[in-house]
Amino acid sequence: MTEKEQGPLDVVFEQIKEASRTMKLKDSVQTLLSHPKRKVEVSFPVEMDDGHTQLFKGYRTQHNDLLGPFKGGIRFHPSMTVEESQALGTWMTFKSALVQIPHGGAKGGVACDPSMLSDRELREVSRGYMEAFSDLFGAGRDVPAPDVYTDPKTMGIMMDTYSRIAGRHEAGVITGKPPLVGGSKARGAATAQGAVYVIEQMLEKMNQAPEHTRVAVQGFGNGGQIAARLLYDKGFKVVGVSDSKTALYDKEGLDIPKAQEVKENNGLKEYGAEFLLDSSEDVLYVDTDILIPAAMEGVITKNNASRIKAKHIMELANGPTTPEADHMLKEKDQHVYPDILVNAGGVIVSYLESVQNHMNYYWEEDEINERMKTFILQAYENTEETAAYYQTTYRNGAMIFAIQKLEQALEFRGYIS
Ligand code: NAD
């Protein structure tokens, strides 16, 4: 199979195989961790604004719940498939295990293009999805969260739909809600904030100042835009940003508040013609110390890995680097900090949101971030130590640490001896 045809599911299988080989994992455990517990595909109707009824396809893969209830986002995207939900759900299992929160892994979504839907249609798609999966979701069963093109509003509508079905208030069914209806004050920025903690820790170890560190960010949404802003505010030189249409570059450092403003109005292209790169993809190849892929899977492959100049690649998106690209970068002494570590701030704060829903008591943003920081920096140390012990990549180190936890849980729950 050529890399062009290698989808996220092939990538995650290869990552499990590599970790299993390195740690000499029993075949039976590898098989178990490679297979989801449940994958469900549904169709549900929505009456559109023009009066016709359209059928939407929804997916949920519940990969593993050895360590606690399933957990993972809901994505609204035209390319959403059952395979994609399986790959992303599998990564969630390893992410939860790596950062040591009491949750398993799942992922789901709807195949749709939210930019083509009105607010009312989007609300009905959100309600339809939650209704179709209401038997599978629940605070002790499976707790979804936002992902690509879903947001706090979507989560609020889904919480409301589930509560209506249950006949009682069920804030803990879903995380990433607006704070007023049971959300966490820190969830909006959590994924980016977690990555920033990891980046700061890395710089501290290297004794390097933010002012002397250049960053480029691919993707200017929930993850990428907030990361760019947090880093800019801390004095980093953000030299490149992009969204699906436009890429900007300034070797002196971009004005990120201005980029946010133009993005909100007429799009990044309004930032200034002299700062535009030829194509959106070009942001990956700019001269920078840190590259943050924060858009979609499979953007760094064997076909373009040699063009990447960054010494450190911080995976804010899920699955942006394929296994072959991983090894090509390692050979050139470029370090990939894996998604299951770098973007785990989101799921950690989601877990803390569930804790608050159970207590029905809400912490302030700083307190939540401090708690999240402890989890993610511990995971960073465990990743580095495991990678050093096995003399392998950070990704493989992170995977091995997570698999060790899952293997122990299999034993403690009586599946292996
Ligand atoms: P989002 O929808 O808010 O933003 C995605 C951004 O990527 C948009 O700016 C879009 O224009 C851009 N984009 C899409 N295709 C692109 C391309 N080919 N080139 C450049 N830019 C492109 O989504 P998000 O929530 O920021 O999620 C982005 C990634 O982060 C996904 O992989 C997601 O799974 C991962 N992630 C998100 C969270 C979270 O809490 N939001 C948590 C963990 C992981």
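The values are calculated or read from the model by the stated rules, or taken from the named source; none is laboratory data. It should be emphasised that the depicted structure is a prediction, and the values quoted were computed from it without experimental measurement. Here the Cβ is made from the backbone with ideal geometry for all residues, glycine too, and neighbour counts use every protein chain on show.
Scanning region 112-143 for residues that are within 12 Å of the ligand (Cβ to nearest atom) and in contact with a helix residue (DSSP H, G or I) (Cβ under 7 Å, 6 or more places away or on another chain) yields one hit, P114.
Could you list, in sequence order, the residues of region 340-366 that are assigned to a loop (DSSP other than H, G, I, E, B), away from the ligand (no atom under 11 Å from the Cβ) and closer than 18 Å to A189 by Cβ?
Y362, W363, E364
For the condition in contact (Cβ under 8 Å) with a residue 60 or more places away in the chain and closer than 22 Å to G223 by Cβ, what is the one hit in E47, E18, E84, E14? Residue meeting the stated conditions: E84. In region 246-268, the qualifying residues are those that are outside any helix (DSSP H, G or I) and either small (G, A, S) or within 11 Å of the ligand (Cβ to nearest atom) (or both), and the one that is nearest to D282 (Cα to Cα) is A247. Looking across region 279-297, just one residue is more than 10 Å from the ligand (Cβ to nearest atom) and either at pLDDT below 95 or among the aromatic types (F, W, Y) (or both), and that is Y285. Candidates are the residues of region 211-230 that are among the small types (G, A, S) and out of contact with any helix residue (DSSP H, G or I) (no Cβ under 7 Å at 6 or more places or on another chain); the one that is nearest to N265 (Cα to Cα) is G221.
All conditions but one from (1) closer than 30 Å to T374 by Cβ; (2) under 19 Å from the mean Cα position of the chain (by Cα); (3) among the β-branched types (V, I, T) apply to V110; the one that does not is (1). For region 170-206, a tally of residues being within 15 Å of the ligand (Cβ to nearest atom), over 16 Å from the mean Cα position of the chain (by Cα) and within 17 Å of L341 (Cα to Cα) returns 0.
Among the residues of region 231-245, those identified as surrounded by fewer than 16 Cβ atoms within 10 Å (Cβ to Cβ) and either among the polar types (S, T, N, Q) or not in a loop (DSSP other than H, G, I, E, B) (or both) are D233, S244.
This table checks each residue for (1) among the aliphatic types (A, V, I, L, M); (2) modelled with pLDDT of 95 or more; (3) over 22 Å from H77 (Cα atoms); (4) not in a helix (DSSP H, G or I).
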| site | (1), (2), (3), (4) |
| --- | --- |
| G140 | no, yes, yes, yes |
| K153 | no, yes, no, no |
| M158 | yes, yes, no, no |
| I165 | yes, yes, yes, no |
| H169 | no, yes, yes, yes |
| G172 | no, yes, yes, no |
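List pairs: first residue in region 148-162 and over 13 Å from P179 (Cβ atoms), second residue away from the ligand (no atom under 16 Å from the Cβ) and among the aromatic types (F, W, Y) anywhere in the structure, Cβ distance under 7 angstrom, at least six positions apart or on different chains. Here the result reads Y162/F137, each pair linking region 148-162 to a residue that is away from the ligand (no atom under 16 Å from the Cβ) and among the aromatic types (F, W, Y).
Each row is one residue, and each column tells you yes or no for (1) surrounded by fewer than 19 Cβ atoms within 10 Å (Cβ to Cβ); (2) hydroxyl-bearing (S, T, Y).
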| site | (1), (2) |
| --- | --- |
| I368 | no, no |
| R371 | yes, no |
| F375 | no, no |
| Y390 | yes, yes |
| F401 | no, no |
| Q408 | yes, no |
| I416 | yes, no |
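Being over 15 Å from the mean Cα position of the chain (by Cα) and within 17 Å of Q193 (Cα to Cα) is not true of A344.
When region 200-226 is filtered for residues that are part of a helix (DSSP H, G or I) and either touching a Ser or Thr at 6+ places or on another chain (Cβ under 8 Å) or at positive phi (or both), the ones remaining, listed by number, are L203, I226. Pairing residues of region 396-411 that are under 8 Å from L98 (Cβ atoms) and touching a residue at least 60 places away in the same chain (Cβ under 8 Å) with residues that are basic (K, R) and in a helix (DSSP H, G or I), at Cβ distances under 8 Å and at least 6 apart in sequence or on separate chains, gives A402/K95. Scanning region 72-83 for residues that are crowded, with 24+ Cβ neighbours inside 10 Å and touching a Pro at 6+ places or on another chain (Cβ under 8 Å) returns G72, G73, I74, F76.
When you look at V238, is it at negative phi, at pLDDT 95 or above and within 14 Å of the ligand (Cβ to nearest atom), yes or no? In short, no. Across region 151-169, a minimum of one residue is classified as within 14 Å of the ligand (Cβ to nearest atom), more than 30 Å from I308 (Cα to Cα), among the basic types (K, R) and surrounded by fewer than 24 Cβ atoms within 10 Å (Cβ to Cβ).
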